[in-house]
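**Q** Next up is a structure, given as structure tokens.
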Amino acid sequence: MNFLKNFLAPVSDDKEYITEIVQELKSGKVKSLSQSLFDLQKFSKKYKELIGTAIPTLTLLLSDSSCSTLHAEMILEIFIQLILVNKSNDVLAKKNCDLLFQQKKIIETLFLQLLHKEEAKRRNLSIHLLIQLCLYNLKKVQDGLLSCPNTVPQLVDLLIDSNEKTRDQGTRLISQIILNRAEIQKIVAYEGIFEKIFYIISAEVGSWGVEEYIDQYFKIILVLLKDNTSNQNYFRESGCIQLYSKLLELTNEQISSTFELPSRIFTISRTIKLFQSLLIRTGGEFGPSTKLTQGILGKYIDKILNLATETIVPVSIRCESFYLLGDIIYDNEKNQLQIANFKLPNDGQTNQNIALNLVILSCWSQDLNERVSALYCLKSFLQNPKIQILVSKELSMRNKEPLSKNNNNKDKDNDNDESEKLEMENETKNQNEKKIVNNEKESQNEFINRPIETKNIDNNNKEKLKIENENENVNVNQNQSQNQNQNQNQNQNQNTDKNQKEIENENKITKPVYTIGNILTRSLFANYFNSKEEFDPIRTYFASIILSEILRGNPESKSIAFKSIIYQNEKEVRYLFPQILETFEIENKSKNPNDFIRIGLLLILFYWVFESPKITEILLNEEQEVTKFVSLLINLIIGEKNIHIKAISTLIISSILIFNKKKNEKFEKIIETRIGENRIIKIINELMNSKPFLQAENENRIAKIVNDHDNKKNKKKNYNYSNSNHFNNLTNILPIDLNTNDPENFSYYDQNFIKLTKKCLDLIKYYFNSKKNQIAKSLNLPENFSIESLLEELKNYKQMNQEILEKKSQLQKNLKIQQMEKEKNSNLKKEIELQIQKKKSQFSKNELEIEKLKMNVIEAKKERESLETKAQKSKNDLLLKIVKSKKQKKECKQQQENIQMILDRLNSKITKYQEKKITLQNRVKELESQI
């Protein structure tokens, strides 16, 4: 009761009262501790500085083991209010935080509050206070935690606490306290945080709106694993990979459920990123611990492949799965062979393996994200030389002579009679002639079957083609039945049977054959040989990247690809290598040459020519027409504006110079006179200093993609992507921006190309230096004489000149900067003067306003005095009226008393008259009775 009285009682001066409480706490002479703590809590926001002086005594009270829960809660609430940052009291809050950190073992005492499991409010307040202190000085809080490691299990158990508020606050505290501190990360990991988070996620997944909670837990795991080899080893060796791989499972029922799907997709995406964080590259290669992780993840390749290849799975998950697969199989032969043996279900055309599916998706998927991710996986897959050889064997066509409807007519049944053929020839002559003409054109233009379409996207188009063929055949049968006589019923039945067989044969033959060679050649050369194809320079570029990866550093795959036939009929045979040269020449001669197509084809040729003496001999052979290509490259080196096309052309010419075993003096003289050593080295250095090259050199996954795909200048036909707005900021194979011709916005390179470029530069320097040494020997120069020393002196002289020029430019820049600063200072002075004048005018205006206000105040005082006099008069009048009213009241009272006396007398008389009346009535009744 005293507590409530003190609470409700008004305080005359709050500040004096609080100072008394603080002094009592410091002296230890407290009348009522709970009352004083309550008052401090009440005024902690208002008097932060005054109550902050009591922090040492409050910490002593809190650290005391005999401190009750009520007192501990009050002290913690006081601390929280004292360090809360307000806009007006930022300095006071920081000052109180410094005071708190100055107290010995304050952090330990706050962590020890977590041991009170049954007291939820006390734990929540201590967690909240620790979070605020982490925001102010994280390092000191982390040091305090390390001084009392026994509380770490209680800290980790906050994630699975029964109180929801405690769980949320605990996750926030853990996510902050593990930042940039390997010791704490290690202790927390060994307390089983990975396992607990897995069980939390597995319980939450499938619920609605839990993505934010799941994201918090995955962020904690990523922080614990980043740059921490100890935790990575523990995660790998303790079976956590096996646990988290269960989160990659996605059934048809879960996909069909709109309630479960969002959280499950989000969980799968975060799990894939978690596994990717374990596959870290240092210098573009995996370390020994990462290779162990690859081996463990290789056990779950089937799950990841199911996510990557199932059409019911969302595209974003398929793309992330392909990226993860690329990291798992990178430089790992066992995993590469495992994925090579994985076969997709039969789609009715061919039994596709994973390599074929990756090629189809890379070239023909309508979603660019999926194409890029499949290409990334395919590049990792083609690192194995054995797989390169196997894939290179698939480059030749399966059907070397394209089949058409004209050829189909030759495949009629031999069992039919000659008389039936003669009867049908007259009726179907005109239709067959039209078919023959059309199919002859198609056979000349098409060197592969009809357009390949991806398994994931174009099933509707395949059904349309089948329906169209069936409708055409039905129309033919109807025309035949109208032209025939009604009496020939038997012939009609035979003809219909025959037409049905023809339809079956046509459907069997016209089914598109899925092979790697068909898809790549169709993507590379579709724009020049098949008018039905949709022009897409990115598709051509992707196909060229795939082919260059097949050829890279593998002489056997190069020789197999050189013999690959892409088209064959009775008149001609076309091979892959000459067709690439011819296609490049055609594209280069066009009015608007496309840079993607030209660079893609040049990359193929560079990978093919590098370390290939046979190819160099073919390119320099005078008897063949291929030598035109070399002259074309020389012209590009001299006159091309695009640095990338120019540089790759120089790399090809340099490779021909380096790896050609047979001397060709004409070619060498042309290179020396028209290009020269300095230009070659300069162009390659410009390429290596370009932004895309440096970007690809610094990044593990090569680059980022830009979001627009509408190139009006390079556009020959319309080409669009279904999800063009959904591939922003995607880490992938190449960054492309088709809206600009600026070379700095393009990047066509990866780590393999960078290594070959540097190697080619070293070899071309060695080639020219060895040639100079030969010339020196032929001139009988002294032994001490060296061209290299002269070149070094020249380089030093050039460097000196460059330094002088740079200093001059710097001085000029400094002078310009000084002039700019002077101008700025003068402008500032003018602005300051203007501001001063404005302020003076404002001051004068303010003085006038003040005078007006003074006059108003004087007038107000006069009005006030007049009002006071009037009020005094009215007051006197009221007093007189009050006196008169009092006299009137007394008179009224006397009158009332007199009236009351009269009324009393009347009442007594009335009572008497009533009694008399009653007696008279009684007598009357008696008389009546007597009568």
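**Q** Suppose we look only past 18 Å in the calculated P(r) of the range 570-659. What percent of the Cα-Cα pairs does that tail hold?
**A** Here the tail beyond 18 Å accounts for 41 percent of pairs.
**Q** Name the trypsin sites (Lys or Arg not before Pro) in the range 170-265 that are in a loop by DSSP and that have at most 16 other C-beta atoms within 10 Å, would you?
**A** 226
**Q** Just need the Rg to Rh number for the range 790-891, please, alpha carbons only, Kirkwood Rh. Could the numbers behind the result be given before it?
**A** On the way: Rg = 42.2 Å, Rh = 22.7 Å.
Expressed as Rg/Rh, it is 1.86.
**Q** What trypsin sites (Lys or Arg not before Pro) does the range 633-699 have in DSSP loop regions with at most 15 other beta carbons within 10 Å?
**A** For trypsin sites (Lys or Arg not before Pro) across the range 633-699 that sit outside H, G, I, E and B with at most 15 neighbouring Cβ atoms in 10 Å, the list reads 641, 661, 662, 663.
**Q** Could you state the accessible area per residue of the range 245-340 in Å², with a 1.4 Å probe and every protein chain left in place?
**A** Solvent-accessible surface per residue comes out at 40 Å².
**Q** If you don't mind, there's one more thing I want to ask. Within the range 36-104, which trypsin sites (Lys or Arg not before Pro) sit in a loop by DSSP and count at most 15 neighbouring Cβ atoms inside 10 Å? Each step should come with its number before you reach the end.
**A** Values: sites: 42, 45, 46, 48, 87, 94, 95, 104; in loops: 45, 46, 87, 104.
Taking the range 36-104 and a limit of 15 other Cβ atoms within 10 Å, the loop trypsin sites (Lys or Arg not before Pro) found are 45, 46, 87, 104.
**Q** Same structure, new question: With a sphere of radius 13 Å drawn around the Cβ of residue 142, what net charge do the other residues whose Cβ falls strictly inside it have (Lys, Arg +1; Asp, Glu -1)?
**A** +1
**Q** Something else: Just want to confirm a number: the relative contact order over the range 172-320, from Cα pairs under 8 angstrom separated by 6+ residues, in percent.
**A** 25
**Q** Let me ask you something else. Please work out, to two decimal places, the log10 of the ratio I(q)/I(0) at q = 0.15, 0.23, 0.28, 0.29 Å⁻¹ from a Debye calculation in which every Cα of the range 91-158 carries one identical scatterer.
**A** Scattering profile of the range 91-158, log10 relative to I(0): -0.46, -1.02, -1.37, -1.42.
**Q** A further question on this structure: If you take every residue apart from residue 210 with its C-beta less than 11 Å away from the C-beta of residue 210, what net charge results, scoring Lys and Arg +1 and Asp and Glu -1?
**A** Numbers: positive: 264; negative: 204, 211, 212, 215, 260.
So the surrounding residues net to -4.
**Q** Moving on. Could you list the square roots of 5 times each eigenvalue of the Cα gyration tensor of the range 293-382, that is, the equivalent ellipsoid semi-axes, sorted largest first and rounded to whole Å?
**A** The equivalent ellipsoid of the range 293-382 has semi-axes of 19, 15, 12 Å.
**Q** Give the separation of the Cα centroids, the range 19-41 to the range 114-171, in Å.
**A** About 28 Å separates the Cα centre of the range 19-41 from the one of the range 114-171.
**Q** Sticking with this one: Net charge around residue 82, counting only other residues with Cβ within less than 12 Å of its Cβ (Lys, Arg = +1; Asp, Glu = -1)?
**A** Its environment carries a net charge of +2.
The values are calculated or read from the model by the stated rules, or taken from the named source; none is laboratory data. None of the values given here were measured: they were computed from a predicted structure. Note: ideal-geometry Cβ built from the backbone for every residue, glycine included; neighbour counts use all protein chains shown. Note: accessible area is taken over every heavy atom of the protein model, side chains too, but ligands, DNA and RNA are not part of it. Shrake-Rupley method; radii C 1.70, N 1.55, O 1.52, S 1.80 Å.
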